[in-house]
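The values are calculated or read from the model by the stated rules, or taken from the named source; none is laboratory data. Keep in mind that this is a model prediction, so the values were computed, not measured. Quick reminder, even Gly has a Cβ in these numbers, built from the backbone with ideal geometry, and neighbours come from all protein chains shown. Surface areas here come from the heavy atoms of the whole protein model, side chains and all, with no ligands, DNA or RNA. Shrake-Rupley method; radii C 1.70, N 1.55, O 1.52, S 1.80 Å.
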Amino acid sequence: MIVYVNGQWLDDSSATVSFQDRAFVFADAVYEVVHIYNGSYFKLDLHLDRMQKGLDKLRIQSQVNDLIPVFNELLNRNPEVKRGSLYVQISRGEAPRAHGLPKLKEPTVVVYVRPLTPDPRIWEQGGRATFVEDLRWQMCNIKTTGLLLNCMAKEEALERGCDDAIFHRGEIVTEASASNLFIVKKGTLVTHPTGPWILPGITRHVVIELAKTLGIPVKEEQFTKDDLLSADELFLTGTMSEVSPYVEVDGNKIGTGEVGPVTKRIQEAFRKETGI
Ligand code: PLP
């Protein structure tokens, strides 16, 4: 695999960054994952906009739009990647370990694409989830590489024989380990509002827009674990999870325990939007 690292195109076996890189020491970095459908990036502009907001908030001096030629070149160099993902990470850069935010002029940039073979099991049959207390920080709207609690939640879910973890802060449901979350109640979609407790997902945004065009009402408001357990349908959204129905949470069936009709309509509309 060819990886772009700080202006150089390298084989992954020889691509390295410094042990003093702030991403390595402090997770002082933001990243994006972009889905590739039919050899093209899906909603690249929205991903880059979110990434720039994260860079600005953390005062990392980098303009992500400068990397657009690199993203295009990656597709040219990897023509076999018709369905896949782009990973881009920008860290503050390399500096001797110290707290405070050094004004570094050379951020560390890593970009690569890789192919994806989709596994349709959850999309078709629905997944099983488990509740995990959301112990993450209050800036979940910035897509930093500090994902240890997301990883721990996912691992806890796998150990409980589930596919994913659903985070809750007290009684309030926030999102999943790497996806946003929607419930369907009496034909209306309900999802946690944007703000510090969730990542403002690109797929979440696309699904809200699609729901509007389908005439499905959407409420962006908080709801509880009990609201989720008594919902008619439940699905997660994310760049890699796309629109993933979930039919069971901690052993409780959601609705009929099968993928519901509203979720199927959203899945179909989303598939059309991706062009596959
Ligand atoms: N929430 C979290 C915690 C995530 O990590 C992600 C994606 O990685 C999402 C939500 C979904 O965001 P997007 O649809 O932009 O991929």
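Determine whether Thr239 is within 24 Å of Asn252 (Cβ to Cβ), within 12 Å of the ligand (Cβ to nearest atom) and in contact with an Asp or Glu (Cβ under 9 Å, 6 or more places away or on another chain).
Spelling it out, it is not the case that Thr239 is within 24 Å of Asn252 (Cβ to Cβ), within 12 Å of the ligand (Cβ to nearest atom) and in contact with an Asp or Glu (Cβ under 9 Å, 6 or more places away or on another chain).
Pull up region 107-154, narrow it to residues that are aromatic (Phe, Trp, Tyr) and not in a helix (DSSP H, G or I), then point me to the one that is most open to solvent (accessible area, probe 1.4 Å).
Trp137
Would you confirm whether any residue within region 226-236 is within 30 Å of Tyr31 (Cβ to Cβ), touching a residue at least 40 places away in the same chain (Cβ under 8 Å) and within 13 Å of the ligand (Cβ to nearest atom)?
Yes: one or more hits.
For region 155-165, does any single residue satisfy the condition of being within 12 Å of the ligand (Cβ to nearest atom), open to solvent by 10 Å² or more (accessible area, probe 1.4 Å), farther than 18 Å from Lys225 by Cβ and part of a loop (DSSP other than H, G, I, E, B)?
No, region 155-165 contains no residue that is within 12 Å of the ligand (Cβ to nearest atom), open to solvent by 10 Å² or more (accessible area, probe 1.4 Å), farther than 18 Å from Lys225 by Cβ and part of a loop (DSSP other than H, G, I, E, B).
Please enumerate the residues belonging to region 177-205 that are more than 7 Å from the ligand (Cβ to nearest atom) and either touching a Gly at 6+ places or on another chain (Cβ under 7 Å) or in a strand (DSSP E or B) (or both).
Leu181, Phe182, Ile183, Val184, Lys185, Thr188, Leu189, Val190, Thr191
Within 16 Å of the ligand (Cβ to nearest atom), assigned to a strand (DSSP E or B) and of a type in the set (Phe, Trp, Tyr) - does that describe any residue in region 255-272?
no
Looking at (1) surrounded by fewer than 18 Cβ atoms within 10 Å (Cβ to Cβ); (2) closer than 23 Å to Glu258 by Cα, which is the only condition Thr213 fails?
(2)
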